[in-house]
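**Student:** One structure coming up, written as C-alpha cells, with questions to follow.
The values are calculated or read from the model by the stated rules, or taken from the named source; none is laboratory data. None of the values given here were measured: they were computed from a predicted structure. No Cβ is skipped: glycine too gets one built from the backbone with ideal geometry, and neighbour counts run over all protein chains shown.
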Amino acid sequence: MRKESRNEAVEAFIRAVRGHRVVLDADLARLYGVTTRVLNQAMKRNAERFPSDFAFELTLGEAEDLKSQSVTSSSHGGRRKLPWAFTEHGAIMAANILRSERAVQMSVFVVRAFVRLREQVASNEAILRRLTEIDKTLLQHDTALRDLYQKLLPLLQPRADPPKRRIGFHTGDD
C-alpha cells in the first residue's frame with residue numbers, strides 16, 4: 001500500500017467526537033493488527049497512560065449516533081461494551097503499549113493523518129477569514145456605490161422642457 005493511500009485510509013477512520021478528532025478502538029485495533037479486545041485490555045492494564053484527553057469511553061448516545069452514521073460495524077451481533085475513542089496522543093500511546101512492529105509502523109501513519117487533518121482545518125480557517133474580509137470590503141463598496149448612484153440619479157434624469165414661447169403679440173391676460 002502506498003504511503004498516500006495509507007494516510008488516506010487512516011484519515012477515513014478519524015471521527016469528530018466531543019470536539020476532538022478520534023479513532024475508535026475497533027478501527028485502531030484493525031490498523032495495529034490486533035483485536036479490539038487485546039487493544040482495550042492493554043489500555044486498561046496501562047490506564048495511567050490514558051488520561052481523558054488521550055482516550056475516553058463513548059456514551060450510549062454517542063455510540064448510537066456513530067452507529068446510525070454507519071461508522072461502527074454491527075458484525076457478530078454487535079458490541080457488548082461501549083467503544084473507546086482515542087485522540088492522536090492516545091493512538092500513539094496505544095502503539096507504545098502494544099509493542100508490536102505493525103503498531104509502531106502504523107502509528108506513524110496515524111500521526112500523519114491527524115497532522116494532515118489539522119493542516120486542512122487551519123487552511124480552511126485561513127480561507128474563511130480571507131472570505132470574511134472580502135465580504136466586508138464588498139459590503140463597503142456596495143454602500144459607496146449605492147450612495148454614488150443616489151447622488152448621480154438626479155443628474156441622469158432628462159431635463160424638463162422649458163415652457164415654449166408663443167409666437168405673436170400677447171397680452172398679460174393670455
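**Student:** Report the residue count in region 94-105 for those that are assigned to a helix (DSSP H, G or I), surrounded by fewer than 21 Cβ atoms within 10 Å (Cβ to Cβ) and either touching a Gly at 6+ places or on another chain (Cβ under 7 Å) or not β-branched (V, I, T) (or both).
**Tutor:** Taking region 94-105 first, the residues assigned to a helix (DSSP H, G or I) are 94-98, 101-105.
Subset that is surrounded by fewer than 21 Cβ atoms within 10 Å (Cβ to Cβ): 96-97, 101-102, 104-105.
From the residues that got through so far, the ones that are either touching a Gly at 6+ places or on another chain (Cβ under 7 Å) or not β-branched (V, I, T) (or both) too are 96, 101-102, 105.
Summing the residues that are assigned to a helix (DSSP H, G or I), surrounded by fewer than 21 Cβ atoms within 10 Å (Cβ to Cβ) and either touching a Gly at 6+ places or on another chain (Cβ under 7 Å) or not β-branched (V, I, T) (or both) in region 94-105 gives 4.
**Student:** Within the group T87, T72, which residue is at pLDDT 90 or above, surrounded by 12 or more Cβ atoms within 10 Å (Cβ to Cβ) and touching a Lys or Arg at 6+ places or on another chain (Cβ under 9 Å)? Full working, then the answer.
**Tutor:** Numbers: T72 fails: at pLDDT 90 or above.
Matching residue, one of T87, T72: T87.
**Student:** Quick check on this structure: which one of R112, R159 is touching a residue at least 24 places away in the same chain (Cβ under 8 Å) and among the basic types (K, R)?
**Tutor:** Working: R159 fails: touching a residue at least 24 places away in the same chain (Cβ under 8 Å).
Testing whether each residue is touching a residue at least 24 places away in the same chain (Cβ under 8 Å) and among the basic types (K, R) leaves just R112.
**Student:** Let me ask another. Looking at this structure, is A160 of a type outside the set (S, T, Y) and within 27 Å of A16 (Cβ to Cβ)?
**Tutor:** Values: of a type outside the set (S, T, Y): yes; within 27 Å of A16 (Cβ to Cβ): no.
No: the conditions fail for A160.
**Student:** Please state which one of A144, A63, A47, A126 is farther than 19 Å from E11 by Cβ, free of Cβ contacts under 8 Å to residues at least 24 places away in the same chain, surrounded by 17 or more Cβ atoms within 10 Å (Cβ to Cβ) and not polar (S, T, N, Q). Steps first, answer last, please.
**Tutor:** Working: A144 fails: surrounded by 17 or more Cβ atoms within 10 Å (Cβ to Cβ); A47 fails: surrounded by 17 or more Cβ atoms within 10 Å (Cβ to Cβ); A126 fails: surrounded by 17 or more Cβ atoms within 10 Å (Cβ to Cβ).
Result: A63 is the single residue among A144, A63, A47, A126 that is farther than 19 Å from E11 by Cβ, free of Cβ contacts under 8 Å to residues at least 24 places away in the same chain, surrounded by 17 or more Cβ atoms within 10 Å (Cβ to Cβ) and not polar (S, T, N, Q).
**Student:** Same structure, new question: Just checking, does region 7-17 include any residue being farther than 25 Å from R112 by Cα and either surrounded by 12 or more Cβ atoms within 10 Å (Cβ to Cβ) or modelled with pLDDT of 85 or more (or both)? Let's see the steps before the verdict.
**Tutor:** Initially, region 7-17 is screened for residues farther than 25 Å from R112 by Cα, giving none.
No.
**Student:** Can you run down the residue pairs with Cβ atoms below 8 Å, 6 or more apart or on separate chains, where the first is in region 30-43 and modelled with pLDDT of 90 or more and among the hydroxyl-bearing types (S, T, Y) and the partner is surrounded by 14 or more Cβ atoms within 10 Å (Cβ to Cβ) and in a helix (DSSP H, G or I)?
**Tutor:** Qualifying pairs under 8 Å: T35/A29; T36/D25; T36/A26; T36/A29.
**Student:** Which condition does K81 not pass, out of (1) of a type outside the set (A, V, I, L, M, F, W, C); (2) surrounded by fewer than 10 Cβ atoms within 10 Å (Cβ to Cβ); (3) not in a helix (DSSP H, G or I), if it passes all the others?
**Tutor:** All conditions are met except number (2).
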